[in-house]
Amino acid sequence: MSLCLTSALAVAGLAGTAYAVGVERRWIQVTRCDVPLPDLPAELDGFTIAHLSDIHYGPMMAPGLIERAVARVNALQPDLVALTGDFVDGKASEVEPAARMLGGLRARHGVWAVLGGHDITASERVACRAYPENGIRLLRNAAAPLNKSDPPFWIVGVHDNSEYYLDRLREALSGVPERARILLLAHSPDIAPEAREAGVDLVLSGHTHGGQICAPLYGAILTETRLGRIVARGLNRFGDTWIYTCRGLGVVRLPARFLCRPEIALLRLVRASR
């Protein structure tokens with residue numbers, strides 16, 4: 001290999017690293033997406049959900065990123081905010097500051113959340129106190145009605161544990177009316193097959209970071225899910241169940257993102273035409 005080519009590759013590598021660390025991991029993207037649902041109550045046609053995930057507040061968090069994300073979400077004026085876990089990197093001391101910052105989120109139908117593995121490792125006890133104290137409603141294998149329409153619309157959340165998803169989902173759905181339209185919050189998209197079998201309409205998840213470091217013309221290199229790249233990011237379908245996997249805000253392992261910007265997803269529910 002010639003010296004010129006070696007030098008060019010070295011410069012390109014340095015430039016790519018500088019971009020991934022200094023630019024892209026701070027560059028929030030708002031992704032807008034329509035989700036068609038059959039038998040959606042007329043009052044929910046056009047209902048908007050702002051979805052955030054994988055904040056990973058901690059040493060590798062880009063300064064000011066959470067505050068900017070909160071401001072961007074509030075400017076969108078969503079009907080509901082959904083948070084799908086891993087709000088901290090892994091220390092108990094990170095939980096309360098993260099909860100205070102995320103407590104600035106506002107939505108007409110509230111801010112709802114489930115915990116991810118990093119939250120549980122950091123301190124599940126502190127998290128279960130701090131987030132509700134800051135106006136965030138935690139769903140721990142539980143469900144709540146969002147309206148009284150016919151059919152009713154319910155929000156359900158499962159505690160992150162990849163080994164017991166089916167049992168936890170059954171527990172969470174136990175009080176949901178049979179004809180209800182169901183929005184499920186779960187940290188990992190691995191729950192998609194179980195959600196499909198349970199008749200869930202829409203799953204919101206995170207965990208994958210969209211791959212965080214992606215290859216041109218290929219996409220996510222690592223996803224850390226048993227379902228692979230099919231659920232790495234964005235809107236996908238399992239039978240009659242939609243699942244949206246948010247790329248998240250934060251990072252793990254490396255303070256960098258490449259071809260995978262931090263994301264706020266704005267989902268709009270629309271009545272499906274038959």
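Quick note: the coordinates plus some simple rules give every number you see, no bench work behind them. Since we're looking at a predicted model, the values are computed, not measured. Note: ideal-geometry Cβ built from the backbone for every residue, glycine included; neighbour counts use all protein chains shown.
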Check: Sequence-distant or interchain residues sharing an amide H contact under 5 Å with A265, placed H: which?
Finding: T31, H51
Notebook entry, point to check: Ordered by residue, what ³J(HN,Hα) values in Hz, to whole numbers, does segment 25-37 give under the Karplus form 6.51 cos²θ - 1.76 cosθ + 1.60, where θ = phi - 60° and Gly and Pro are x?
Noted result: 5, 9, 9, 6, 10, 9, 9, 9, 8, 8, 10, x, 10
Check: Summing +1 for each Lys or Arg and -1 for each Asp or Glu, what net charge is found among the other residues whose Cβ lies under 13 Å from the Cβ of G239?
Finding: -2
Margin query: Just to be sure I understand: of the beta bridges DSSP finds with both ends in the chain, what percent are antiparallel, rounded to 5?
Written below: 30
Note to self: Based on the alpha-carbon set only, what is the convex hull volume of segment 3-271 divided per residue, in Å³?
What the structure shows: 124
Next item on the list: For a quick protection proxy, order the peptides 32-40, 205-213, 124-132 by their average other-Cβ count within 10 Å, most packed first.
Entry: 205-213, 124-132, 32-40
Check: Quick one: length gained pulling L166 to R140 fully straight, 0.36 nm per residue minus the C-alpha distance?
Finding: 8.0 nm
Margin query: Just to be sure I understand the model, the point goes 7 Å from the Cα along the line to the Cβ. What's the resulting R253 to H109 distance in nm?
Written below: 3.6
Note to self: So if I restrict to the alpha-carbon atoms in segment 76-145, what is the Rg, and what is Dmax, the biggest pairwise distance, in Å?
What the structure shows: 11.5, 33
Next item on the list: Compute the Cα gyration tensor for segment 43-182, then decide on rounded, prolate or oblate, letting a ≥ b ≥ c be the square roots of its eigenvalues: rounded whenever a/c is under 1.5, prolate when a/b is larger than b/c in the other cases, and oblate in all that remain.
Entry: oblate
Notebook entry, point to check: Measuring from label point to label point, each 7 Å out along Cα→Cβ, what is the Y19 to E197 span in nm?
Noted result: 4.4
Margin query: Test of understanding: in a Gaussian network model of the chain with alpha carbons linked when under 10 Å, which of A144, A113, A69 would top the mean-square fluctuation ranking?
Written below: A144
Item checked: S149 paired with R72, simple spin-label distance in nm, labels 7 Å along Cα-to-beta-carbon -> 2.8
Note to self: Quick check on packing: order 216-227, 45-56, 177-188 by the mean number of other C-beta atoms within 10 Å, highest mean leading.
What the structure shows: 45-56, 177-188, 216-227
